[in-house]
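Encoded as structure tokens, the structure appears first; notes follow it.
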Amino acid sequence: MDVLSNAFEKRWFYIFMFMYFIIMVPFPFFFSTTYIPSIQGIPLFVVGWTVHTVITLALILLFAWQALQREEYHEFDDQ
Amino acid sequence: MDAVSQLISPAPIPFYSVLAVYFVILGIIGYYATKATKNLKDFFVMSGKAGAIVSGLAYFSTQYSMSTFMGCPATCYKVGFAGLTISVPGLVFSMIIPALLVGRKLVKMGHNYGFLTMADYLGDRYESNGIRSLHALMMVIFLVPMMGAQTIGAGIILRTFTGAPEWVGIVAMGVIVILYCMAGGIRGAMLTDVLQGGLMLVTAVVTFIISVRIGGGFEAINAKLLEMSPDLLSHPGLGGSYGWGNYVSMIVLWSFFTIGQPTLFTKFFAMKNYRVMFKAVILGTVGMWLAATLIEWSGVNALVSIPGLAGKQIDFVVPLILQQGLGPVVSALLISGIMAAGMSTIDSLLIVSTGGITRDIYQNILKKDATDQDVFKLSRVVTVIIGIVAILFGISRPATIFKLILFAFGGLGIWVAPVILGMYWKGATKMGAMLSVILGEILFVLITLKYHSWALGFNPLIVSWTITMILMVVISKITPAPSQAVLKRHFEDLRS
């Protein structure tokens, strides 16, 4: 029932780890030592973080939806 | 009159009125929680019946303290957009990573084994009262002064806005939290967290809107910032403190290492089922993301909206924005949102500290024949005693101790090593866990206090934790393996 023994959780673990580590990479849209303006002069990295957060949130929603279709996630529903 | 008081318009009557109403509402919630708290399991984990809204907002409001609304925007005011690095880029992972790595197991163990505290898990997994006491003691020693630190914020805010002595705010905040925690336990704490979390969110949104409006819109603010210094719009920020090492550290600290915070760890024991866990993750993540992004961004906008702040004035950037854009009653209401951030952190700290003393030390070590009902009654008394000690800490303000404790609180993150290895590696042993944690804590203190270069540009916790993991694996390899009964309970029996 964890990210090592359950194939479903393992797959999602890799997806979230990809999203986790990619934001640490100093791409100019995440980390920039020079000012790169975007919409309304807002630094590009703030927009990059926002887009990354929205995508990750969407993935969390998908993960939750898929998980709740599975039997093992309904163990305590009747309590 | 100090520099801050010269800037702020004191409004004692609206402020006292709003606080009075706010405290009465908290009292009513506390009273409701009391009626539903009938035994030890209710007191510590709501008998594993917490719903999604309560769990999500409680997780978010516990995580965010007064520094989120004072220290963090102040940092952004000093360094510019790079200051948002403190929590914004990694925030979306702050609940999903703990939920994915340990959450599902904790929900299940809470239901199946009746665990109430983090030390319950550690003591059971490592078959050791030694590790149980070590964790409980460290937790109480670190958390009680942390509560005191939060009450100080209330004292400062009350003094600034009403002119009342600081101790009045410290005592008022302390007493109201003690009352609803003593009576309603974790239910009192989590239900009030819902109100407090909502208020924090509204405060963040309104502060942001006002800061943009006063500054003349995004385009005007950013053009002005560029004129002041391009460093305010790029990494590592003005002053150079948010380089890549710190950027990565902040992402990891506010996601992965929250696993080691007992106040958050035990929230999983309170969750009713997995549906609640997922809803709480989504709700809590959105709440945290909005609150942190907007309040920290407001700090940057304030460079243009309220220019020229210096020294201690900068810590009051959020109240100053609110006072500039709103009438006295509404601004008092939203400033009480900052106090709510402190209260929602203290209440959880108070409950887990109580658990450390009554459940982990008294019931499991000192008096093993104590019934749950005995411990339940004792817990209410201990909650009051710990709360009073925290208030005394707040009033006496032992500065050097606070500095020590505040960084030592980060040291609780070292415990992520025995938690993760205990859940994922059958070979993790009692000696491995205890020795590696002790050595890891010593290393953390050394790096933080003296040998800064050992951190290699990252936060000291990251390096210390990595060494702790390595040490734990090595020591576990050469010390006696856990019993088959423990391996069955923590691995085979949890498979489903």
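What the table shows:
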quantity	calculated
Listed residue (B:Thr160, B:Val107, B:Gly56) projecting farthest to the positive dipole end of chain B, Cβ model	B:Val107
Translational diffusion of the stretch B:1-108, µm² s⁻¹ [Kirkwood Rh, Cα pairs; Stokes-Einstein; 4 °C; 1.567 mPa s]	72
Which of B:Leu378, B:Gly311, B:Met70, positive extreme of dipole for the protein assembly as shown (C-beta unit charges)	B:Leu378
The stretch B:285-299 versus the stretch B:103-159: alpha-carbon centroid distance in Å	26
Number of partner chain Cβ atoms within 10 Å, mean per residue of A:28-41	5
Dipole magnitude of the protein assembly as shown, debye to nearest 20 (Cβ charges: Lys/Arg +1, Asp/Glu -1, about Cα centre)	740
Span per principal axis, largest first, for the Cα atoms of the stretch B:57-107 (Å)	42, 20, 12
Chain B - Rg over Rh from alpha carbon coordinates, Kirkwood radius	0.97
Degrees, to the nearest 10: A:7-22 long Cα axis against longest axis of chain A	10
Partner chain coverage, peptide A:61-68 - average Cβ within 10 angstrom	3
Positive-end residue of B:Gln323, B:Ile25, B:Gly299, charge dipole of chain B with Cβ unit charges	B:Ile25
Globularity index of the stretch B:151-225, i.e. its alpha-carbon radius of gyration over 2.2 N^0.38 Å	1.55
Cα long-axis angle, helix B:372-396 against chain B (0 to 90 degrees, to the nearest 10)	40
Cα gyration tensor category, rounded, prolate or oblate, for the stretch A:3-71 with a/c compared to 1.5	oblate
Gained length - B:Val175 relative to B:Ser453, 0.36 nm times residue gap less alpha-carbon distance	95.8 nm
Burial ordering of A:Tyr14, B:Tyr16, fewest other beta-carbon atoms within 10 Å first	A:Tyr14, B:Tyr16
For the stretch B:257-299, the fraction of alpha-carbon pairs in successive 10 Å shells from zero, as %	24, 44, 26, 6
Hz values of 3J(HN,Hα) by residue in the stretch B:271-284 - Karplus curve (6.51, -1.76, 1.60), Gly and Pro given as x	6, 5, 7, 6, 4, 4, 4, 5, 4, 5, 4, 5, 5, x
Descending semi-axes in whole angstrom, ellipsoid equivalent of the stretch B:253-368, from the Cα gyration tensor	36, 18, 14
Tail fraction, Cα-Cα pairs, the protein assembly as shown, threshold 47 Å, whole percent	9
Square roots of five times the Cα gyration tensor eigenvalues for the stretch B:301-419, Å	39, 18, 13
Shielding score for A:16-24, defined as the mean number of other chain Cβ atoms within 10 Å	4
Mean Cα-pair separation over length for chain B, i.e. relative contact order, pairs under 8 Å, 6 or more apart, %	31
B:Ser17, B:Ser87 arranged by Cβ crowding within 10 Å, fewest neighbours leading	B:Ser17, B:Ser87
Between 0 and 90°, nearest 10: helix B:328-355 axis offset from chain B longest Cα axis	20
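Read the figures in this text as sums done on the coordinates, not as results from a lab. Worth saying up front: this structure is predicted, and the values here are computed from it rather than measured. Here Cβ is always computed from backbone atoms with ideal geometry, including for glycine, and neighbour counts include all displayed protein chains.
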